[in-house]
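Asker: Can you keep this structure in mind? I'll have questions shortly.
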Amino acid sequence: MNAKHIQRLPAEIYYADELKRLRDQDPWPKPPGWSLSPRAVEAFVLGDSSQQTTAKFVAPSEIVTRVIISLATQRGAMLVGEPGTAKSWLSELICAAICDDSTLIIQGGAIETVQQLLYTWNTAILERQGPCLEALIPGPMYRGMERGLLVRYEEIARSSPALQDALLSIMSERSINIPELAGEQGTLYARDGFNLVATSNTTDVGVNEMSSALKRRMNFETIRPIKSVDDEIGVVMREAEKALLASGWMCDRMRILFARSWLSFMNYAMASHWMAAAPTGWPPRLCPRPKPCPWPMQWAFTRITTGTGKCRRRTLPISWSGLPLKTTARTLNA
């Protein structure tokens, strides 16, 4: 047995304690096939101090509410938005809360045939026994319908029109026809709890035009970037602390202070397409000098010293650190 730890646990395992507590305390009615009520799902995703749940997704509550309502009324949910707006994370959280399983995932750009989407056949058993359930290898969509689970369809706009058309009967008739099997085995009917949560980047427009018939069977919800800088910092700091704790490197507050200032640098570097010239030393030593800045920032770093002793002169905003300039500089250069 491998004694090494799993690098990334799915949400239903990582937050197993919160989900169990919500299931035990949930007084509200649950839709058929759901593990939690819609109110408990919202509390799990957005956080609720009265139910001892932490916030895991930053967005207006009405966005999450509309997605939950769509799934409760047996309409697919389509999450669209710019890259990096945590659409996949939101779909994982919702699937973990509703059906306690977020692992049924379809990558739109990775599958090419309808067989990969629905089911395939075990060739050896097929040749020996002919078409039968034992020879059938179910795909994620088949397993989701059979067990009454939510299926996550990532980057649906990258799927071919043939794959999108295959979803039409699933979303409307809630069934899959298996022509190779006769009788009752030839049709699979979706169980209570099955539904589809799809995501798509707005930058993927034109890869494959999404079927208008499929659009009518799903409710669209736009996930926008976080508006509040404080909320964005909070998200990054929580994830940075989680990653540092897992790596064993996190030992005191200085690491968090460093990560906060490093966030400011990386955001500016990406915004100015300066990633290729970013310092490679780890951790970088930042030498502060106040200088007027054209951006709405109070201070800026103008010199970056890498581990090799070489200096690169750039104007870097640091106001996101939330700390006075001297305090930040003294801590980072200690």
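Asker: So for PHE44, PHE194, PHE57, PHE220, fewest C-beta neighbours within 10 Å to most, what's the order?
Answerer: Details: PHE44 28, PHE194 23, PHE57 18, PHE220 14.
The most exposed by this proxy come first: PHE220, PHE57, PHE194, PHE44.
Asker: What list of ³J(HN,Hα) values in whole Hz, one per residue of region 188-202 in order, does the Karplus curve 6.51 cos²θ - 1.76 cosθ + 1.60 (θ = phi - 60°) give from phi, with Gly and Pro shown as x?
Answerer: Calculated HN-Hα couplings, in order: 9, 9, 5, 8, 4, x, 6, 6, 10, 10, 10, 10, 7, 7, 5 Hz.
Asker: Can you tally the net charge around ALA96? Count Lys and Arg as +1, Asp and Glu as -1, for every other residue whose Cβ sits under 13 Å from the Cβ of ALA96.
Answerer: Net of charged neighbours comes to -2.
Asker: In addition: Counting only DSSP beta bridges with both residues in region 102-222, what percent are antiparallel, rounded to the nearest 5?
Answerer: Bridges in region 102-222 are about 45 percent antiparallel.
Asker: Extension gain LEU126-LEU168, at 0.36 nm per residue separation less the Cα-Cα distance, in nm?
Answerer: That works out to 12.3 nm of additional length.
Asker: Another one. Tell me, what ³J(HN,Hα) does each residue in region 76-90 have, in order and in whole Hz, if you take phi through Karplus 6.51 cos²θ - 1.76 cosθ + 1.60 with θ = phi - 60° and put x for Gly and Pro?
Answerer: The phi angles translate into x, 10, 10, 9, 10, x, 5, x, x, 9, 6, 5, 5, 5, 5 Hz.
Asker: Okay, moving on. Taking amide H positions as placed 1.01 Å from N in the peptide plane, with prolines and chain starts having none, which residues 5 or more places from TYR153, or on another chain, fall under 5 Å of its amide H?
Answerer: Hits under the 5 Å cutoff: ILE106, VAL197, ALA198, THR199.
Asker: Under a straight-distance cross-link criterion of Cα-Cα below 15 Å, which aspartates and glutamates are reachable from LYS242, leaving out those fewer than 8 residues away in the same chain?
Answerer: In chain and number order, the partners are ASP252.
Asker: Applying the Karplus parametrisation 6.51 cos²θ - 1.76 cosθ + 1.60 with θ = phi - 60° to the phi angles of region 8-18, what ³J(HN,Hα) value in whole Hz is obtained for each residue in order, glycine and proline being reported as x?
Answerer: So the Karplus estimates, Gly and Pro as x, are 9, 8, x, 4, 5, 8, 5, 9, 4, 5, 5 Hz.
Asker: For LEU167, LEU245, what ranking results if the residue with the fewest other Cβ atoms within 10 Å of its Cβ goes first?
Answerer: Numbers: LEU167 25, LEU245 12.
The most exposed by this proxy come first: LEU245, LEU167.
Asker: Here's another thing I want to ask about it. Which of THR202, THR65 comes first, and how do the rest follow, when ranked by fewest Cβ neighbours within 10 Å? Could you put the intermediate results ahead of the total?
Answerer: Values: THR202 13, THR65 16.
Ranking THR202, THR65 by Cβ neighbours within 10 Å, fewest first, gives THR202, THR65.
Asker: Would you mind checking which residues have amide H under 5 Å from ILE223's amide H? H placed 1.01 Å from N; only 5 or more apart, or other chain.
Answerer: Amide H to amide H, under 5 Å and 5 or more residues apart or across chains, ILE223 pairs with VAL80, GLY81.
Quick note: the coordinates plus some simple rules give every number you see, no bench work behind them. Computed from a prediction, not measured in an experiment: that's the story for all the values here. Note: ideal-geometry Cβ built from the backbone for every residue, glycine included; neighbour counts use all protein chains shown.
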